[in-house]
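Working notes for the structure below.
The values are calculated or read from the model by the stated rules, or taken from the named source; none is laboratory data. If you're wondering where the values come from, they're calculated on a predicted model, not measured in any experiment. Don't worry about glycine lacking a Cβ; one is built from the backbone with ideal geometry, like all the others, and counts go over all protein chains shown.
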């Protein structure tokens, strides 16, 4: 079985401090895996480590995208395998126009280059899907964007790249319910049209009403401590992370 | 490894931008500078006596003036190892068909877009020291606009010429202005009559194409009352081994209510000393804008200035400096507020990489006779690696308490975070860096005519190659 994303015993951290203490995950094409856990449990570290952030150092384990080991690859090369990370805190890039940037992304990730006119139409459709004002394409990438606008810009970039493996790092944080619906629409579009698989990192089960998970994982102190179906999320909603259901000793403080 | 990469870049650079075109000078003047050389230049050009006297007087000043001891290192300039005047084999041409093939080829390689070529009838190209092609657009002529090589203008319009020449920048202003005044050759002369708006930019392309040849072009611009025009010059230079000197002088007179913009993109090869004096006299309610891009060269010292001598006058400088290995860009601006209600703005962006050095050197001077002056200075430096450097030397001389002067300076490095973000979208490190740099200088690039903006971005992409790792 070739998984779209397969992580085995992944360990990583900052300098001497290990944050991920052996993570295992396996996603098949078209599947949605929700990854939940409180602040500091290592969810974002997992996302960043998989994408190759220079902040984190891998100390063990493997990660494969469609059977290809990615941990030794440059971030650029990881992206080329079809891996995409929607950042929790996207960088602002002053002076770089959204339109020309997205055109660059599109040209790099597609064999067929669109003419400027065709690309404009293509872009307009994607922006419509995200209910973004057309003037966004004339702004500078993320510069001065609100939290919600940044998340939509992440989704727009995702639609340009049409990735096969999508990691969403708290794409729902700070979004109202309407914005969550819009973001979910973009993700569901890729699941349906491109059979993409999704690792959905979130604090709250709210978004799971719109992006239906096949599995829900609970992360605690750098490990996945529980895996199940949607019922895990509902249980969490009700009892919180300190529930004895999680079958691990309560952690005194995190962050 | 690093050296090989640099070599590769130079080779691509030469190939892409068409440096090292064969030169076609018919007779080369002797190397070195003397009274005799100056007399020969003046005689060759058939100049009036006053110009010869002016040159000789300037030569005296040049000898007396010490080398500037501040700013960049100029100790390697050998004045006796430079040609001061080269007359190309071709005389001035009237029509495009007459322009030599190799000059046309140079335009090709500069990537002048097709649309632009249609206007080439109005482009003045300085090839070596003399204008080989110069043809006035009919519409300009009809409006009474004069756009000629400076040498031609001296012959055709001696009165206007004498009235304004050397008035904004006296021959003894500084050592290099004095040198230019002694040996100047070529450059543009622009006269915009009262109330005339020139919609299309007046363009000139400059090249240095003879080894060790100094280029001493002299530009004189007069914008009469209420007129409006935009002058654009771009420079590329061939890559040669021995040091080369470019010491130009640009004088601009902006009469009451007129607005003039002077745009320069210079991309000298990295052996050129680029020491240019640019100054504008800005009269009542007039606006002068300098847009100045300094790429390439070994050393650049250039501080476009505005003397705001009329009430309500405004001066602006937008400048980009880009310094790589072995390069020092010492650039900035000067704003002299000498009348009430004058305003100025300086925006300077610099990028240093691979051991390059950029310096911002600026002066804002508010005289006691200039109440309610406003000035805003913003200088931002971007450093791409740990072996490159930048520094800032802002000077403020404020003699009036009602002045409102702001100064803002930032120094930043390209953050790993930003690179990671862009690379996660499939861009290579080089592309990501190029994008960040282009974004950084965007506020100035957007003020450039399209083809220059394209050329500049292309150049930056090219420069980024090999700067990574």
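Data for the structure
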item: Unique residue being surrounded by 22 or more Cβ atoms within 10 Å (Cβ to Cβ) and in contact with a helix residue (DSSP H, G or I) (Cβ under 9 Å, 6 or more places away or on another chain) when the list is B:288, B:301; result: B:301
item: Candidates B:405, B:347, B:437, B:411 - the one that is assigned to a strand (DSSP E or B) and in contact with a helix residue (DSSP H, G or I) (Cβ under 8 Å, 6 or more places away or on another chain); result: B:347
item: Residue check, residue A:141 modelled with pLDDT of 95 or more and closer than 24 Å to residue A:120 by Cβ; result: yes
item: Residue list for the stretch B:421-440, filter: in contact with a strand residue (DSSP E or B) (Cβ under 7 Å, 6 or more places away or on another chain), touching a residue at least 12 places away in the same chain (Cβ under 8 Å) and within 7 Å of chain A (Cβ to nearest Cβ); result: B:440
item: Wholly within the stretch B:258-307, strands (runs of 3 or more DSSP E) carrying at least 3 residues that are within 10 Å of the chain's Cα centre (by Cα) and closer than 14 Å to residue B:332 by Cβ; result: B:272-282, B:287-296
item: Residue within the stretch A:106-115 that is touching a helix residue (DSSP H, G or I) at 6+ places or on another chain (Cβ under 7 Å), in contact (Cβ under 8 Å) with a residue 24 or more places away in the chain and within 20 Å of residue A:196 (Cα to Cα) present; result: yes
item: Filter pass, residue B:56 being surrounded by 12 or more Cβ atoms within 10 Å (Cβ to Cβ), within 20 Å of residue B:149 (Cβ to Cβ) and modelled with pLDDT of 90 or more; result: no
item: Count - residues of the stretch A:139-169 that are touching a residue at least 12 places away in the same chain (Cβ under 8 Å), assigned to a loop (DSSP other than H, G, I, E, B) and more than 11 Å from chain B (Cβ to nearest Cβ); result: 5
item: Qualifying residue in the stretch B:448-468 (condition: surrounded by 15 or more Cβ atoms within 10 Å (Cβ to Cβ), within 14 Å of chain A (Cβ to nearest Cβ) and more than 25 Å from the chain's Cα centre (by Cα)); result: yes
item: Residue match in the stretch B:381-402 (condition: within 14 Å of another protein chain (Cβ to nearest Cβ) and in a helix (DSSP H, G or I)); result: no
item: Condition met for residue B:23 (at pLDDT below 50, over 30 Å from residue B:170 (Cβ atoms) and not in a helix (DSSP H, G or I)); result: yes
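For (1) under 11 Å from the mean Cα position of the chain (by Cα); (2) farther than 22 Å from residue A:39 by Cα, each residue gets a yes or a no:
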{"residue": "A:174", "(1), (2)": "no, no"}
{"residue": "A:178", "(1), (2)": "no, yes"}
{"residue": "A:181", "(1), (2)": "no, yes"}
{"residue": "A:201", "(1), (2)": "yes, no"}
{"residue": "A:214", "(1), (2)": "no, yes"}
